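Working notes, beginning with the structure itself.
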């Protein structure tokens, strides 16, 4: 297909834009696409603008709507929650804690959880899972001993020993 703008070169860029519900497709060569890119691409699109739009959805929070007198403010840098919503960026590291009750519901709705658990690599995944399982059991063992549940503690201790044998861990703390 030939470029619809210069009618000389092969079209390699296909732009789709919807205006007032009407879809328009334009086929351009790479040179023409670079010349008209500002007409089709918004410079406003960024992670910050996306986050800001998500935060604007959450304006009705459990604390109610805010006016200028009672807007939450970071006690370290002074940034208000309204400024954060507009910019989509925190002013300092303390802002996360200052606005956590307002942003945690947004994070949970987007990700499904507020807890980052990360990914486990395929190669060493078995060892990592085993290590985490042993660490979890060691915590349960300490709790069982603290609560004087010695039979349960003995079972947990035996399970830990078996897991360490299977994984080849002689001394894992």
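Values in this text are rule-based calculations from the coordinates and carry no lab data. Nothing here was measured: the structure is a model prediction, and the numbers come from that model. Cβ placement follows ideal geometry from the backbone for every residue including glycine, while neighbour counts extend to all protein chains displayed.
Here the spin labels are modelled as points 7 Å beyond Cα on the Cα-Cβ line, and at residue 157 and residue 83 they lie 5.8 nm apart. Sorting 19-25, 70-76 by their mean Cβ neighbour count within 10 Å, with the most densely packed peptide first, gives 70-76, 19-25. Computed extension length for residue 7-residue 92: 25.4 nm, one decimal, from 0.36 nm per residue of separation with the Cα-Cα distance subtracted. Over all Cα atoms in the range 1-41, the spread is summed up by Rg and Dmax: 10.3, 31 Å.
Figure the gain on full extension for residue 70 and residue 16 (residue separation times 0.36 nm, minus the Cα-Cα span) and round it to one decimal in nm.
Values: separation 54, 0.36 × 54 = 19.44 nm, distance 4.38 nm.
The residue 70-residue 16 span can extend by a further 15.1 nm.
Under the simplified labelling scheme, the residue 142-residue 117 pair shows an inter-label distance of 2.2 nm, with each label point 7 Å from Cα along Cα→Cβ.
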